[in-house]
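Chemist: Structure in structure tokens, see below.
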Amino acid sequence: MLVIPKILESQFLIESDLNYEWEKEHCRMYYIEYINDKLSHALWQLNHKSTVGLATALAEWILWRLSLSSNNPFIQEFNEIEAMWAGLISKDYIFDSLYKGKKDSDKVMGPLWVTLKCMEDVRFSYIEGKIFINEKLSALAAIARLVTPESQFFDNWIANCIKKAIVLFPAEYDRAECNDPSERYNSSHELPIPREFFFDFDFDYLTANVNKLLTDFISSLDYTVNDFLNPPEVMINNGYVGTPYIYTGR
């Protein structure tokens, strides 16, 4: 079970009202139409796992904000996020499910719908190795910024994440030159990334005990209660190499 990151434990973030307007039409606007060219250009520089990690961090940021402000635990939604973090070790952990929610005019459920629809696309793109894996991150970032009462706090956080990731986890191809949407990329060789990389401003991937963080995280998972995690037998049948739910190092 995920616990709230320290960066989001601020009383201001927890207790502030959701002071934005939301209409049902906003669901389509953010999910289908929203584009941030500057952010997209920056995201082209990230490899697949860091792109998926940032998407997952954005989704979790949104979930904590909506959950705390509405007193809704969103257990299934957090389970989905937990599985995506496991997927940064190996995407074989992820059960690729379909989101069946409906567009909503409520200021909690509407942004939640956009978030989960975007994550459905990110998850599918990651599992399939699609080149244009970053397409929905602009919308996720926009929703996360919308629900955050202090936008500069959010801007500083995401800028820090992207800056670190570009240096440590650069893309191995130029997506701007990829014109064939049917192209696929195998990200299995990319380094795994712990959740702490995104939620700790001072996290240093090169000096941190990443193996321990990933070992502890994997050992905390329970696929019997999280439907978004594949059982070991499914992982093995899908070609997973190693022992599921035991991390053996980078």
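Values quoted throughout were computed directly from the atomic coordinates according to the rules given, and no laboratory measurement underlies them. Since the structure is predicted, the reported quantities are computational estimates derived from the model, not experimental observations. Methodologically, a virtual Cβ is constructed for each residue, glycine included, from the backbone with ideal geometry; neighbour enumeration extends over all protein chains shown.
Chemist: Taking Cα atoms, how many degrees apart are the long axis of helix 151-168 and the longest axis of the chain, rounded to 10 and kept between 0 and 90?
Modeler: 20
Chemist: Let me ask something else. Of all the Cα-Cα pairs you can form in region 100-183, what percent are over 15 Å apart?
Modeler: More than 15 Å apart: 68 percent of the Cα pairs in region 100-183.
Chemist: L46's amide H: which non-local residues (gap 5+, or another chain) put their own amide H closer than 5 Å, with H modeled 1.01 Å from N in plane and none for Pro or chain starts?
Modeler: A171
Chemist: What whole number of Å gives the distance from the Cα centroid of region 149-223 to the Cα centroid of region 125-139?
Modeler: Computed from Cα coordinates, the inter-centre distance equals 14 Å.
Chemist: Further question on the same structure: If R0 is 25 Å, what FRET efficiency do you get for E21 and E150 from their C-beta distance, rounded to 0.05?
Modeler: Numbers: r = 18 Å, r/R0 = 0.73.
Efficiency, from the Cβ-Cβ distance: 0.85.
Chemist: Grab every C-alpha pair in region 139-226, bin the distances at 5 angstrom width from 0 up to the longest one, and report whole percents.
Modeler: 2, 10, 15, 15, 18, 18, 15, 5, 0
Chemist: Treat every Asp and Glu Cβ in the chain as -1 and every Lys and Arg Cβ as +1, leave all other atoms uncharged, and give the resulting dipole magnitude about the Cα centre to the nearest 20 debye.
Modeler: The dipole of the chain has a size of about 140 debye.
Chemist: Report, in debye and to the nearest 20, how large the dipole of region 1-145 comes out about its Cα centre when Lys and Arg carry +1 and Asp and Glu carry -1 on their Cβ.
Modeler: Here the size comes out at about 220 debye.
Chemist: Right, something else. What number in nm² do you get for the chain if you take the convex hull of its Cα atoms and divide its surface by four?
Modeler: The Cα convex hull of the chain, projected and averaged over all directions, gives 12.9 nm².
Chemist: Using a Cα distance threshold of under 28 Å, what count of lysine pairs results for region 103-170 when pairs must be 8 or more residues apart or interchain?
Modeler: Final tally of qualifying lysine pairs is 13.
Chemist: Let me ask something else. Rg and Dmax of region 1-138, Cα atoms, in Å?
Modeler: 14.8, 40
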